[in-house]
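A short worksheet on the structure shown next.
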Amino acid sequence: MRSGRLAGLVLVLAIAGCGGGDDGSGPPAGAQTGGIRGTVVVGSTGLANVNVSATRNSTTRQATTNGSGQFNFTGLEVGTWSVSVTVPSGYALASGETGTRSVSVSPNAVAEAGTLALAQSGGGGNNGDVAQVDMSGTAFSPQTVTIAVGKSVRWTNKDPVQHNVTGESFGTGNLDPNESATVQFNTAGTFEYECTLHAGMTGTVVVQ
């Protein structure tokens, strides 16, 4: 009888020792995760090799955009994450862009962070700095930009309809949604322009 009781005790201890659990090295077994994806662009073109971070509580994950400007996070804990772009040298946040998105991650799904827009801000190129103007809500934003002689202005159509830039001595032609065009100004002066497709949609470039 004694040997039988000992054998039973050994069996119970062996079973108790077989259980799994969270050892602190990762999420609990069976935990559901999700992902986040998005794109970093300059105008309508994806920008490669840009660092993007996703942060939730004390956890931060890093990703780098591919040749099409796309980034992707996988294996993220379910919940709300803050996605931020690290602006590379020679670029700045585009007009109206915060550079940060709050994204809710659901189990077994990939959430969209959308598009994070940058603009060139100089860095020694032949064309120098580029001022960004968005076409949005049948308006130019900002309506007036001031640049130095030899610098450029880039217009980007953020609306679902065509727009154009038409000045006395310069223009872009009709731009489709998400399309951009850049004009360099080599003479000082005040240059007014309009979108001929939408009455009252006007802007000014001051070159000095």
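The values are calculated or read from the model by the stated rules, or taken from the named source; none is laboratory data. In this text the structure is predicted, and so the values were computed from the model without any measurement. Here the Cβ positions follow ideal geometry from the backbone for every residue, glycine too, while neighbour counts run over all protein chains shown.
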*Determine if the range 72-84 includes at least one residue that is within 21 Å of Ala131 (Cα to Cα) and not aromatic (Phe, Trp, Tyr).*
no
*Would you call Val145 in a loop (DSSP other than H, G, I, E, B) and either farther than 20 Å from Gly46 by Cβ or at pLDDT 90 or above (or both)?*
no
*Arg56 being at pLDDT 95 or above and not assigned by TED's automatic domain parsing to the domain that holds Thr156*: no
*Mind checking which residues of the range 70-88 are closer than 11 Å to Leu118 by Cα and either surrounded by 17 or more Cβ atoms within 10 Å (Cβ to Cβ) or not β-branched (Val, Ile, Thr) (or both)?*
Val85, Val87, Pro88
*Determine if the range 98-117 includes at least one residue that is under 22 Å from Gln184 (Cβ atoms), modelled with pLDDT under 95 and either aliphatic (A, V, I, L, M) or surrounded by 15 or more Cβ atoms within 10 Å (Cβ to Cβ) (or both).*
yes
*Can you tell me which residue within the range 59-73, out of those that are within 11 Å of the chain's Cα centre (by Cα) and either hydroxyl-bearing (Ser, Thr, Tyr) or not in a strand (DSSP E or B) (or both), is modelled with the highest pLDDT?*
Thr65
